[in-house]
1. Can you run phi through the Karplus equation (6.51, -1.76, 1.60; θ = phi - 60°) for region 34-43 and list ³J(HN,Hα) in whole Hz, with x for Gly and Pro?
2. Rounded to whole Å and ordered largest first, report the semi-axes of the equivalent ellipsoid of region 7-51 derived from its Cα gyration tensor (root of 5λ).
3. What does the extension gain come out to for L102 and R18, with contour length at 0.36 nm per residue minus their alpha carbon separation?
4. Normalised by the residues of the chain, what does the relative contact order come to in percent, with Cα pairs under 8 Å and at least six apart?
5. Regarding region 50-120, what's the average projected area of the Cα-atom convex hull, expressed in nm²?
6. Please report the carbon-and-sulfur percent of the accessible area for the chain; probe 1.4 Å, protein heavy atoms only, DNA, RNA and ligands left out.
7. Cα centroids of region 91-105 and region 57-79: how far apart, whole angstrom?
8. For the chain, how big is the tail of P(r) above 23 Å, as a whole percent of Cα pairs?
Amino acid sequence: MRIGELADRTGVSVRSLRYYETKGLLASERTSGGQREYPEAAVDRVRRIQEMFAAGLHSDTVGDLLPCIHDVDGTPTETATPYLVAKLTEERERIEQAMRDLHRTRDVLDGVIAAASDTKTTKP
């Protein structure tokens with residue numbers, strides 16, 4: 001399939017698909033006219049990439065992990081399971097730390113909002 005069809009079927013922009021190729025996350029064949037052609041399996045690959053991005057993983061990490069995960073069902077490959085578990089555990093901790101940081105930031109913001117609200121209600 002051509003890049004436009006892959007974009008339509010996955011909901012991912014053509015620009016993003018090109019980016020995935022430059023990062024080595026997705027591969028295509030070239031026609032004699034230089035147009036990209038993707039196999040049917042590229043649909044599952046793009047969906048897997050999108051899931052990993054949605055989970056907060058960076059493109060370099062996604063590139064490290066893709067060989068460890070089956071595109072179709074997301075299960076780990078047999079040979080890469082220890083690496084996959086270690087990397088995903090590391091990424092989960094990074095995300096947990098980011099969440100703790102965001103909670104602290106929200107609490108500070110809530111304090112500022114409360115203080116500003118109290119100031120407005122006490123003035124004539």
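1. Along region 34-43, the couplings run x, 7, 6, 10, 10, x, 4, 4, 5, 4 Hz.
2. Ellipsoid semi-axes (Å, largest first): 17, 11, 10.
3. Value of the extension gain: 27.0 nm.
4. 16 percent
5. Quarter of the Cα hull surface area: 6.1 nm².
6. In the chain, the share of accessible area belonging to carbon and sulfur is 56 percent.
7. Here the answer is 23 Å between Cα centres.
8. The proportion of pairs with Cα distances above 23 Å equals 49 percent.
The values are calculated or read from the model by the stated rules, or taken from the named source; none is laboratory data. Please read all numbers here as calculations on a predicted model, not as lab measurements. Just the protein is used for accessible areas: all its heavy atoms, side chains included, with ligands, DNA and RNA removed. Shrake-Rupley method; radii C 1.70, N 1.55, O 1.52, S 1.80 Å.
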